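The values are calculated or read from the model by the stated rules, or taken from the named source; none is laboratory data. The structure presented is a predicted model; accordingly, all values stated were derived computationally and were not measured. Neighbour counts run over all protein chains shown; Cβ positions are idealised from the backbone, glycine included.
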Amino acid sequence: MDYLHDLVEEGMYANFQEALHAFQTKGCEALGEPKCERTDDFKGEVMGAMFDLLGDDVDGAAAMMEDFEYFGMLD
């Protein structure tokens with residue numbers, strides 16, 4: 001999430017919501033990376049479900065992901 005804020009400060013996106021939307025639709029291509037490593041599909045599905053439930057509450061989704069990782073639910 002911090003990286004998305006950094007991209008706004010660097011002028012790549014007009015605001016955080018634009019950067020977040022680009023990341024949600026394009027993945028790491030939106031971060032200016034030509035190619036990126038594939039992440040764990042299950043974690044991606046969980047994060048997608050978080051955004052479905054919480055809408056644009058990025059902080060809430062990040063906090064829930066930290067909780068899941070802390071309790072070993074995403075290992």
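Taking the condition of being farther than 16 Å from H21 by Cα and at pLDDT 80 or above, how many residues in the range 54-75 meet it?
6
Within the bounds of the range 32-53, is there any residue that is over 18 Å from D67 (Cβ atoms), at pLDDT 80 or above and surrounded by fewer than 13 Cβ atoms within 10 Å (Cβ to Cβ)?
no
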